[in-house]
Amino acid sequence: MLNNDASGRGRAARLAELRRRHEIPVLIVGGGINGISTFRELALQGIPALLVEQRDWCQGASGALSRMIHGGLRYLETGEFTLVKESVTERDRLLKNAPHYVQPLRTTVPIDAYCSGLINAGKRFFGLSERPSRRGALVIKAGLTLYDLYTRDSGVMPRHHLAGGAATRRRWPAFNDWVKCSATYYDAWINYPERLGYELIEDAEQANSQALALNYLSVVGANDGRITLRDASTGEQFSLVAQVVVNATGAWIDQLNGVLIPPAGAGKMIGGTKGSHLIVRSPELLAALRDGMVYYENQEGRVCILFPYFGNVLVGSTDIRTDDPNDVVCGDDEVRYILASLRFVFPHIAITERDILYTFGGIRPLPVSDSAINGRISRNHSIQTLAAAPGRPFTTLCLIGGKWTTFRAFGEQAADRVLTLLGERRLVSTVDMAIGGGRDLPAGGARQVWIAELATQYNVAREQVARWVARYGSRVGRLLAFVTQSPDRPLRHQGDYTVNELRWIMLNEQVELPEDLLVRRTALAIAGQLTPALIKEITALLAAERGWDPHQARTHLRLTFERLAGYHGLSALANIAIEDPFDVSES
Ligand SMILES: Cc1cc2nc3c(=O)[nH]c(=O)nc-3n(C[C@H](O)[C@H](O)[C@H](O)COP(=O)(O)OP(=O)(O)OC[C@H]3O[C@@H](n4cnc5c(N)ncnc54)[C@H](O)[C@@H]3O)c2cc1C
């Protein structure tokens, strides 16, 4: 059995285990960050939870975030103090518990006036206005002071400071002329959110051998109290009874409720908004950012962000109301909007559509709202309980809203509700629990010494070990033990990754499709590094591991090209002819 992940269970073994499970205490539906977090919480309390995801882990909103781990400065205006406090607290915890992927991010707000926006901010705070408007230095100063106050005890981040016109222009000469001063504060960013999601699953399964997580498995029906699941690749169906169902399907919550509570569902809970981002290649823009984020308001007062990301610049995002959870293509109008907002802050740096390397987007699973302004819909999270009823013997907990940043707190709250329903109690807290490769990761100078020791122990170049530590944190020991077992070489079309490294991911991290590897287990896609030749090379490696014949390999390759063209702006891939899918020479 080649597909054998770290828990020792390959997909076939996982499915076999599922066949044996007819009654389970809790089924978590949705393998985004909130479902995953709830799964980890419950597994750690000894509950044999089952987590299922219809596609790949973190393929919905949880792979579409702006990659900020942040308090949400602008939520202070609408009085969401509890959310901001919880978010900055969780941000600081993630900096400690996942130091391999979450790092501080110096953030600068360009400001056009000292006092503007005071009246509007006051009105928004008291709910008298929803209209976005530009905020002056005083409003921003007030927000940042509160931000600092919330985290003063943890002492993880430096405090904010304001800079006058001359100092701002010296540091950011490319800012538009309207910039009169600036404020700089610290938040955080995450480089591999999908990998962190996967590591949470791995931690959960390692802590509890009865906890089981399966991707590419969806809930498709409920009848006479039994819930039906379907395997995406074989179509096999499974039927089981659960005491509690956690509906963590984000933008799909209403759809799943329709399946669980036919025919009408449970009333509308979600009012999603689409958000899209661009990855642009511009050395000039990259230099202008000076290694930090610029968090700015565009013409109409909407907040946009741009910051360096794997050598390019991440810019986003839009905020468009939609009822379709699959409506995640970044449209031409969105591209124009984002580029115009970029010109608004850096007018002399020419960025055109030709500089866009990659696009990505998702649906924010926000609570249904009649607010006229999407940016004003609460980003807070809540849990709605649907009691068991005749013919439906399970209680359903619906996880509404939330930010990536607050996944631990939200998962903890959801798990506590489940524990109460099951009559169980909490055994372990995750507040200070390191995650995956963040566990026992040496810091500072000690990390360099450790890297040198590993390089000697495994006879691998120190730079290579350092690169792998940046990707896998302290899990690098397991990787090194694997990659050094047989001859290794860099990928032919992307020398930063090696063949054995990718094989290790394929064997250990529930990879089913080439896209899982390209988009979520590695940063190749978002770093703008995908070429037809590289996609073909990686698909051929996966085909070899899985024993795909040329027809299967060609089908997977075609599908991967189509999805990357359709959903990530790589339109040139749509027309590439595939002759021999195993020929990985330059194409
Ligand atoms: C554009 C954008 C930018 C954002 N930026 C940030 C940010 O910078 N920082 C931050 O903290 N937060 C950010 N967020 C918010 C954050 O990403 C989301 O709130 C969070 O990821 C929601 O996670 P979730 O698990 O609830 O939903 P999702 O990640 O959408 O997960 C739901 C999952 O359920 C699965 N599913 C659906 N139906 C079924 C079924 N029948 N059976 C099995 N599985 C099913 C779906 O495939 C999906 O993977 C952003 C969100 C968006 C969209």
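Among the residues that make up the range 176-183, is at least one of them assigned to a helix (DSSP H, G or I), in contact with a helix residue (DSSP H, G or I) (Cβ under 8 Å, 6 or more places away or on another chain), at pLDDT 95 or above and not charged (D, E, K, R)? The answer is no, given that none of the residues of the range 176-183 is assigned to a helix (DSSP H, G or I), in contact with a helix residue (DSSP H, G or I) (Cβ under 8 Å, 6 or more places away or on another chain), at pLDDT 95 or above and not charged (D, E, K, R).
One line per residue, one yes/no per condition, for (1) touching a helix residue (DSSP H, G or I) at 6+ places or on another chain (Cβ under 9 Å); (2) within 9 Å of the ligand (Cβ to nearest atom); (3) open to solvent by 10 Å² or more (accessible area, probe 1.4 Å):
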site: Gly32; (1), (2), (3): yes, yes, yes
site: Ser37; (1), (2), (3): yes, yes, no
site: Ala43; (1), (2), (3): yes, no, no
site: Ala49; (1), (2), (3): yes, no, no
site: Cys58; (1), (2), (3): yes, yes, no
site: His70; (1), (2), (3): yes, yes, yes
site: Glu77; (1), (2), (3): yes, no, yes
site: Phe81; (1), (2), (3): yes, no, yes
site: Val84; (1), (2), (3): yes, no, no
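Filtering Tyr472, Tyr497 for residues that are hydroxyl-bearing (Ser, Thr, Tyr), outside the structural domain of Glu202 (by TED's automatic domain parsing) and touching a His at 6+ places or on another chain (Cβ under 8 Å) leaves a single hit, Tyr472. Restricting Gly235, Gly197, Gly221 to those that are open to solvent by 30 Å² or more (accessible area, probe 1.4 Å) and closer than 30 Å to Val259 by Cβ reduces the list to Gly235. Considered as a group, the residues in the range 12-30 that are among the basic types (Lys, Arg) and open to solvent by 10 Å² or more (accessible area, probe 1.4 Å) include one that is nearest to the ligand (Cβ to nearest atom), and that residue is Arg21. When each of Leu65, Leu95 is tested for being part of a loop (DSSP other than H, G, I, E, B) and either modelled with pLDDT of 95 or more or under 19 Å from Asn380 (Cβ atoms) (or both), the lone residue that passes is Leu65.
In the set (1) buried (at least 18 other Cβ atoms within 10 Å of the Cβ); (2) of a type in the set (A, V, I, L, M); (3) over 26 Å from the mean Cα position of the chain (by Cα), the condition left unmet by Ala388 is number (1). Only residues that are within 16 Å of Val280 (Cα to Cα), surrounded by 15 or more Cβ atoms within 10 Å (Cβ to Cβ) and of a type outside the set (Val, Ile, Thr): list them for the range 311-330, please. Of everything in the range 311-330, those that are within 16 Å of Val280 (Cα to Cα), surrounded by 15 or more Cβ atoms within 10 Å (Cβ to Cβ) and of a type outside the set (Val, Ile, Thr) turn out to be Asn312, Leu314, Gly316, Ser317, Cys330.
Would you tally the residues in the range 278-296 being open to solvent by less than 20 Å² (accessible area, probe 1.4 Å) and touching a Leu at 6+ places or on another chain (Cβ under 6 Å)? The number of residues fulfilling the criteria is 3. When you go through (1) over 22 Å from Ser382 (Cβ atoms); (2) away from the ligand (no atom under 13 Å from the Cβ); (3) not charged (D, E, K, R) one by one for Val315, which number turns out not to apply? Tallying (1) over 22 Å from Ser382 (Cβ atoms); (2) away from the ligand (no atom under 13 Å from the Cβ); (3) not charged (D, E, K, R), Val315 fails exactly one: (2).
Looking at the structure I just gave you, is Glu501 under 30 Å from Gln54 (Cβ atoms) and crowded, with 20+ Cβ neighbours inside 10 Å?
Values: under 30 Å from Gln54 (Cβ atoms): yes; crowded, with 20+ Cβ neighbours inside 10 Å: yes.
It is true that Glu501 is under 30 Å from Gln54 (Cβ atoms) and crowded, with 20+ Cβ neighbours inside 10 Å.
Has the range 398-405 got any residue that is in the same structural domain as Pro263 (by TED's automatic domain parsing) and among the aliphatic types (A, V, I, L, M)?
Kept after step one, since they are in the same structural domain as Pro263 (by TED's automatic domain parsing), are these residues of the range 398-405: 398-405.
Pick out the ones that are also among the aliphatic types (A, V, I, L, M) and you get 399-400.
Checked the range 398-405: at least one residue is in the same structural domain as Pro263 (by TED's automatic domain parsing) and among the aliphatic types (A, V, I, L, M).
Scanning the range 333-347 for residues that are open to solvent by 40 Å² or more (accessible area, probe 1.4 Å) and either in contact with a helix residue (DSSP H, G or I) (Cβ under 9 Å, 6 or more places away or on another chain) or of a type in the set (Gly, Ala, Ser) (or both) returns a single hit, Arg336.
Of the residues in the range 326-347, at least one is touching a Ser or Thr at 6+ places or on another chain (Cβ under 6 Å) and closer than 20 Å to Trp404 by Cβ.
Within the range 391-407, the set of residues being more than 10 Å from the ligand (Cβ to nearest atom) and open to solvent by 10 Å² or more (accessible area, probe 1.4 Å) comprises Gly391, Arg392, Pro393, Thr395.
Under the condition of being more than 16 Å from the ligand (Cβ to nearest atom) and of a type in the set (Val, Ile, Thr), the residues counted in the range 340-382 number 6. None of Ile28, Ile24, Ile36 is among the β-branched types (Val, Ile, Thr) and more than 26 Å from the chain's Cα centre (by Cα) except Ile24. Checking the structure you have, find out if any residue of the range 491-502 is of a type in the set (Lys, Arg), touching a residue at least 24 places away in the same chain (Cβ under 8 Å) and within 26 Å of Arg14 (Cα to Cα). Checked the range 491-502: no residue is of a type in the set (Lys, Arg), touching a residue at least 24 places away in the same chain (Cβ under 8 Å) and within 26 Å of Arg14 (Cα to Cα). Every condition in (1) more than 16 Å from the ligand (Cβ to nearest atom); (2) crowded, with 20+ Cβ neighbours inside 10 Å; (3) closer than 29 Å to Ala251 by Cβ holds for Phe410 except the one numbered (1). Would the range 516-525 turn up any residue that is surrounded by fewer than 19 Cβ atoms within 10 Å (Cβ to Cβ) and closer than 19 Å to Tyr358 by Cα? No - not one qualifying residue is present in the range 516-525.
Evaluate the range 210-218: report whether one residue or more is touching a residue at least 40 places away in the same chain (Cβ under 8 Å), aromatic (Phe, Trp, Tyr), surrounded by fewer than 23 Cβ atoms within 10 Å (Cβ to Cβ) and closer than 22 Å to His100 by Cβ. Scanning the range 210-218 turns up no residue that is touching a residue at least 40 places away in the same chain (Cβ under 8 Å), aromatic (Phe, Trp, Tyr), surrounded by fewer than 23 Cβ atoms within 10 Å (Cβ to Cβ) and closer than 22 Å to His100 by Cβ.
The values are calculated or read from the model by the stated rules, or taken from the named source; none is laboratory data. Keep in mind that what you see is a predicted model, and the values were worked out from it rather than measured. Cβ: placed from backbone, ideal geometry, glycine included. Neighbour counts: every protein chain shown. The protein model used for the area step is the full one, side chains on, heavy atoms only, and it has no ligands, DNA or RNA in it. Shrake-Rupley method; radii C 1.70, N 1.55, O 1.52, S 1.80 Å.
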